[in-house]
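Reading through the structure tokens given below for one structure.
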Amino acid sequence: MEWLIPLIIVVVLVLVIGIYLWATYNSLVTLNVRVDEAWSDITVQLKRRADLIPNLIEAVKGYAAHEKAVFENVTKARAETLSAGGPAEASAAENHMQQALKSIFAVAEAYPQLQASQNFLQLQSELVDTEDKIQASRRFYNGGVRELNTKIKVFPNTLFVRSLGFHEREFFEVTEAAAIAEPPRVQF
């Protein structure tokens, strides 16, 4: 009978550790899926914006065909955005896209007929809406990454979660704060 109390203590301890590991693993899987979903939302919005860019270029080209360098920069930034493979590459591409959009809107400001064009106004409106959605998706993604990274780093999780295949994820940060300090100016 003396051996029963230590056995019960060991069984309870193993049971508590097992439940803790099970709960931790499941919460990490949930957070990992949430981060993947949020990244997918970002890529959808970046693709949507990239799909608007050729129409915007064509609308501006009709009025300012001689601005070839601006159009090439926007096209290059669009291709870079579409080929970005992860948050770090997407951040760099986002910086270039913001600069390219600023330059195309600067060109558009010089042409009052273009600013009065219904097609151009609609494209601007869709672009502003898409930029808002990118920003919201980015906040959601970064929030999920923050939760996942915190869960991975806290003790005692940090002792075993990496061996289960979980790793910290990158934030989707813009490396040049000046690139987004002033969003593309859209005038109606």
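The values are calculated or read from the model by the stated rules, or taken from the named source; none is laboratory data. Just so we're clear, the structure is a prediction, and the values are computed from it rather than from any experiment. Every residue, glycine as well, gets a Cβ built from its backbone with ideal geometry; the counts of neighbours run over all protein chains shown.
When the residues of the range 45-75 are filtered to those that are surrounded by fewer than 14 Cβ atoms within 10 Å (Cβ to Cβ) and farther than 17 Å from Leu123 by Cβ, which remaining residue is modelled with the highest pLDDT? Among them, the one singled out is Glu72. The set of residues in the range 76-87 being of a type in the set (A, V, I, L, M, F, W, C) and surrounded by fewer than 20 Cβ atoms within 10 Å (Cβ to Cβ) consists of Ala79, Leu82, Ala84.
Identify, from the list Arg139, Arg185, the residue that is modelled with pLDDT of 85 or more and either over 30 Å from Val35 (Cβ atoms) or under 25 Å from the mean Cα position of the chain (by Cα) (or both).
Details: Arg185 fails: modelled with pLDDT of 85 or more.
That would be Arg139, the only listed residue that is modelled with pLDDT of 85 or more and either over 30 Å from Val35 (Cβ atoms) or under 25 Å from the mean Cα position of the chain (by Cα) (or both).
Pairing residues of the range 1-26 that are under 28 Å from Phe166 (Cβ atoms) and surrounded by 10 or more Cβ atoms within 10 Å (Cβ to Cβ) with residues that are modelled with pLDDT under 95 and of a type in the set (Phe, Trp, Tyr), at Cβ distances under 9 Å and at least 6 apart in sequence or on separate chains, gives Leu21/Phe160; Thr24/Phe160; Tyr25/Phe166.
Screening Asn157, Asn95, Asn119, Asn149 for residues that are within 30 Å of Ile17 (Cα to Cα) and in contact (Cβ under 8 Å) with a residue 60 or more places away in the chain leaves exactly one candidate, Asn157. The condition of being at pLDDT below 85 and either farther than 30 Å from Ser27 by Cβ or surrounded by fewer than 20 Cβ atoms within 10 Å (Cβ to Cβ) (or both) holds for Ala106.
Within the bounds of the range 86-100, is there any residue that is part of a helix (DSSP H, G or I), hydroxyl-bearing (Ser, Thr, Tyr) and within 30 Å of Val161 (Cβ to Cβ)? Yes, because at least one residue in the range 86-100 is part of a helix (DSSP H, G or I), hydroxyl-bearing (Ser, Thr, Tyr) and within 30 Å of Val161 (Cβ to Cβ). Somewhere in the range 29-39, is a residue buried (at least 19 other Cβ atoms within 10 Å of the Cβ), touching a Lys or Arg at 6+ places or on another chain (Cβ under 9 Å) and more than 24 Å from Ser137 (Cβ to Cβ)? Among the residues of the range 29-39, not one is buried (at least 19 other Cβ atoms within 10 Å of the Cβ), touching a Lys or Arg at 6+ places or on another chain (Cβ under 9 Å) and more than 24 Å from Ser137 (Cβ to Cβ), which makes the answer no. Residues in the range 142-182 that are at pLDDT 90 or above, under 15 Å from the mean Cα position of the chain (by Cα) and not in a loop (DSSP other than H, G, I, E, B): 5 in all. Taken over the range 137-158, the criterion of being closer than 19 Å to Ile42 by Cα and among the β-branched types (Val, Ile, Thr) is satisfied by Val145 alone.
You will find that of Leu28, Leu21, the residue that is in contact with a helix residue (DSSP H, G or I) (Cβ under 8 Å, 6 or more places away or on another chain) and assigned to a helix (DSSP H, G or I) is Leu28 and no other. For the structure I just gave you, tell me whether Ala84 is touching a residue at least 60 places away in the same chain (Cβ under 8 Å) and under 16 Å from Ala38 (Cα atoms). Criteria not met by Ala84.
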